[in-house]
Amino acid sequence: MQGWLVVNAFYKNGKLNDIYDMLERSCAKFGMRLDARTTADILLPFGAKPTTLPDFVIFWDKDVVCARMLEKAGLPVFNNAHAIELCDNKILTAEALCDKVPMPLTIAAPKTFEGVGYNNLTFVERAAETLGLPMVIKEAYGSYGQQVHLAHNVDQAVDIVKGIGWKDFLMQQYIGAHPGIDVRFNVVGDKVTSAMLRHNQHDFRSNISNGGVGTKFDYTATQAQVAVDACQALGLDFAGVDILLGKDEQPYVCEVNSNPHFLSTLAGTGDDVSFHIAEYIANKLN
Ligand SMILES: Nc1ncnc2c1ncn2[C@@H]1O[C@H](COP(=O)(O)OP(=O)(O)O)[C@@H](O)[C@H]1O
Ligand SMILES: [Mg+2]
């Protein structure tokens, strides 16, 4: 069995290389050779297929057009293009999940255009009336907590939106029962393989890359079910699900990552997510 690990052609960092190495080593344990291909290696006209095809693809990127071309060539692609697309855009994630799992109340900003921008900001005040203050403002696309903001009042919210420019964003109820804390659930197939509590003492954003500290979390069956339900609603084979804890540790899905950065999970919990992904793919293909 031979697979391609498809990765971004342009964005590179050392941690991603470590993730790729772990996936290759884990696949080898199940007799599957994994060869890296960048999205630029695959470059094809629409309607064409690669001349040589692997048995499967692990798609470690957000290039959904490229993922869809590989699906159209008949390949099993993990995660699939549609699931990656829903996860990549936090507005689409919220739309897909709002009636499936508990989520913070979320409002998408009305659409605008480059060169036009949000030139009338009264909707921000109306959103704050519905969501309460403080409220969270997130760009549709973002990671590492970098495009996520907390507005304590309407003036701050307006300033944040001005800083966002014309990009798509959402406004969200702030789950403040445990400030700076969330739980990263690692889900593969229909199982939680591990969960890591992330705590940032200096910032409401608990991302490890933003100063959060990760420790193994003993989750309840209800919390785990919410994480699995979120993945199934989005059609994911595997994912890192960020869950906020409300009053009485009630779970609220914050966001879902289709390419979870699992090195910090290994460090914080001892769980090697790449092993579970390889095992899951081997079982699916056999
Ligand atoms: N609605 C919210 N209430 C409280 N904290 C939040 C909320 N949304 C996000 N956060 C915090 O901000 C962090 C980053 O937000 P997230 O949506 O996961 O974006 P990113 O893709 O950048 O990780 C979360 O891990 C959490 O700690
Ligand atoms: Mg996150």
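The values are calculated or read from the model by the stated rules, or taken from the named source; none is laboratory data. Everything numeric in this text was worked out from a predicted model, so none of it was measured. As a convention, Cβ positions derive from the backbone with ideal geometry for all residues, glycine included, and neighbour counts pool all protein chains shown. To get the accessible areas, we keep the full protein, side chains included, count just its heavy atoms, and leave off ligands, DNA and RNA. Shrake-Rupley method; radii C 1.70, N 1.55, O 1.52, S 1.80 Å.
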Open item on the list: Checking the condition open to solvent by 20 Å² or more (accessible area, probe 1.4 Å), modelled with pLDDT of 95 or more and either within 12 Å of the chain's Cα centre (by Cα) or assigned by TED's automatic domain parsing to the domain that holds residue 188 (or both), which residue from 71, 85 passes?
Closed with: 85
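Tally up the residues in region 243-268 that are buried (at least 21 other Cβ atoms within 10 Å of the Cβ), part of a strand (DSSP E or B) and under 16 Å from the mean Cα position of the chain (by Cα), please.
Step one: list which residues in region 243-268 are buried (at least 21 other Cβ atoms within 10 Å of the Cβ), which gives 243-244, 251, 253-256, 258-260, 262, 265, 268.
When the remaining residues are screened for being part of a strand (DSSP E or B), the result is 243-244, 251, 253-256.
Within this subset, residues satisfying the condition of being under 16 Å from the mean Cα position of the chain (by Cα) are 243-244, 253-256.
Matching residues across region 243-268 total 6.
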Open item on the list: Please count how many residues of region 31-51 are within 25 Å of the chain's Cα centre (by Cα) and assigned to a strand (DSSP E or B).
Closed with: 5
- [ ] Give region 39-58 a look and list any residue that's crowded, with 18+ Cβ neighbours inside 10 Å, of a type in the set (Val, Ile, Thr) and free of Cβ contacts under 8 Å to residues at least 60 places away in the same chain, or say none.
- [x] 39, 42, 57
Open item on the list: On the basis of being in contact with a Leu (Cβ under 6 Å, 6 or more places away or on another chain), not in a loop (DSSP other than H, G, I, E, B) and not charged (D, E, K, R), does residue 27 make the cut?
Closed with: yes
Task: Test result for residue 240, surrounded by fewer than 20 Cβ atoms within 10 Å (Cβ to Cβ), under 20 Å from residue 100 (Cβ atoms) and not assigned by TED's automatic domain parsing to the domain that holds residue 23 - done: no
Open item on the list: Looking only at region 205-226, filter to residues that are within 12 Å of ligand 2 (Cβ to nearest atom) and over 22 Å from residue 188 (Cα atoms); which one of those is most open to solvent (accessible area, probe 1.4 Å)?
Closed with: 209
Task: Long-range neighbours under 8 Å by Cβ, at least six apart or interchain, first residue open to solvent by less than 50 Å² (accessible area, probe 1.4 Å) and near ligand 2 (Cβ under 10 Å from one of its atoms) within region 140-156, second part of a strand (DSSP E or B) and among the aliphatic types (A, V, I, L, M) - done: 142/148; 148/136; 148/137
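So, in region 188-204, exactly how many residues are assigned to a loop (DSSP other than H, G, I, E, B) and open to solvent by less than 10 Å² (accessible area, probe 1.4 Å)? Give the steps one after another, and end with the answer.
We begin by selecting, within region 188-204, every residue assigned to a loop (DSSP other than H, G, I, E, B); these are 189-190, 200-204.
Among the residues that remain, those that are also open to solvent by less than 10 Å² (accessible area, probe 1.4 Å) are: 200.
Matching residues across region 188-204 total 1.
Which count do you get for residues in region 243-256 that are in contact with a Ser or Thr (Cβ under 8 Å, 6 or more places away or on another chain) and touching a residue at least 60 places away in the same chain (Cβ under 8 Å)? Lay out the reasoning, then the answer.
Of region 243-256, the ones in contact with a Ser or Thr (Cβ under 8 Å, 6 or more places away or on another chain) are 249, 251, 255-256.
Checking which are touching a residue at least 60 places away in the same chain (Cβ under 8 Å) leaves us with 251, 255-256.
Of the residues in that region, 3 qualify.
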TODO: Could you check residue 271 against (1) under 14 Å from the mean Cα position of the chain (by Cα); (2) in a loop (DSSP other than H, G, I, E, B); (3) under 27 Å from residue 211 (Cα atoms) and say which number it fails?
DONE: (1)
- [ ] Would you check which residues across region 9-24 are closer than 17 Å to residue 263 by Cβ and outside any helix (DSSP H, G or I) and list them?
- [x] 11, 12, 13
Open item on the list: Is it the case, given these coordinates, that residue 219 is without any contact (Cβ under 8 Å) to a residue 40 or more places away in the chain and of a type in the set (Ser, Thr, Tyr)?
Closed with: yes
